[in-house]
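Single-structure report; data block below.
A short reminder: the numbers here are calculations on the coordinates, not readings from a lab. Just so it is clear, the structure is predicted and the values come from calculations on it, not from any experiment. Ideal geometry is used to build each Cβ from the backbone, glycine not excepted, and the neighbour counts take in all protein chains shown.
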Amino acid sequence: MEVENTSIEGLLVIKPKIFSDNRGYFFESYNIHVFEKMGIPNQFLQDNESLSAEGVLRGLHFQKPPYAQGKLVRVITGSVLDVAVDIRKDSSTYGKHHPIILSAENKTMFWIPAGFAHGFIALENDTIFSYKCTNIYNQESEECIDWNDPILNIDWKNKSPKVSIKDIGGMPFELLKSPF
């Protein structure tokens, strides 16, 4: 696997080695020993999968401690613009975000440690998104930041995404009292 650091400490782009032939392809999406060497926790407690139509935006979500989650994310079919926002208050990149295209074609994975808000927008119909999480979901610990917050200024490449009621009600970034 090839690992790339991003401009925000802790976020990792992971490109697996793909073995393709006339039958299809094979790649290792998780190996405890390889991921431990990258500094990624070796214990995932929950796997999630979502199906989204083109233009569906999910986020920006995070869970407060003690239910904070690190997420290893990838796309199984389709593609997304995936975004992680640094909400670690002592970080030099607090409030900065990192966008990345994840797709079935590129098979790239993205490691997002606890201390980041996360969201994505589906760029194709029938996009299947997969998350491995280091902690279980806890509704009382979940927070949501406005996906279109002007301070964050994220270019989602879509002026009118399909957003859930929960995500429409996200808090402005300036009101965030980060627990990280």
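Key figures
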quantity	calculated
Criterion (outside any loop (DSSP other than H, G, I, E, B), of a type in the set (Asp, Glu) and in contact (Cβ under 8 Å) with a residue 60 or more places away in the chain) met by exactly one of GLU124, GLU143	GLU143
Answer residue from the range 108-138, given it is buried (at least 17 other Cβ atoms within 10 Å of the Cβ) and over 14 Å from the mean Cα position of the chain (by Cα) and is nearest to TYR25 (Cα to Cα) among those	THR127
Looking only at the range 11-59, and only at residues there that are β-branched (Val, Ile, Thr) and under 18 Å from VAL80 (Cα atoms), the one that is farthest from the chain's Cα centre (by Cα)	VAL56
Among the candidates LYS89, LYS166, residue that is touching a residue at least 60 places away in the same chain (Cβ under 8 Å) and either outside any loop (DSSP other than H, G, I, E, B) or surrounded by fewer than 21 Cβ atoms within 10 Å (Cβ to Cβ) (or both)	LYS89
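One line per residue, one yes/no per condition, for (1) under 21 Å from ASN48 (Cβ atoms); (2) without any contact (Cβ under 8 Å) to a residue 40 or more places away in the chain; (3) part of a loop (DSSP other than H, G, I, E, B); (4) touching a helix residue (DSSP H, G or I) at 6+ places or on another chain (Cβ under 9 Å):
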residue	(1), (2), (3), (4)
TRP111	yes, no, no, yes
ALA114	yes, no, yes, no
ILE128	yes, no, no, no
ILE136	yes, no, yes, no
ASN148	no, yes, yes, no
ILE151	no, no, yes, yes
ILE154	no, no, yes, no
ASN158	no, no, yes, no
GLU174	no, yes, no, no
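To keep it simple, each residue is scored yes or no on (1) in contact with a Leu (Cβ under 9 Å, 6 or more places away or on another chain); (2) charged (D, E, K, R); (3) free of Cβ contacts under 8 Å to residues at least 60 places away in the same chain.
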{"residue": "THR6", "(1), (2), (3)": "yes, no, no"}
{"residue": "GLU28", "(1), (2), (3)": "no, yes, yes"}
{"residue": "MET38", "(1), (2), (3)": "yes, no, no"}
{"residue": "ASN42", "(1), (2), (3)": "no, no, yes"}
{"residue": "GLN46", "(1), (2), (3)": "no, no, no"}
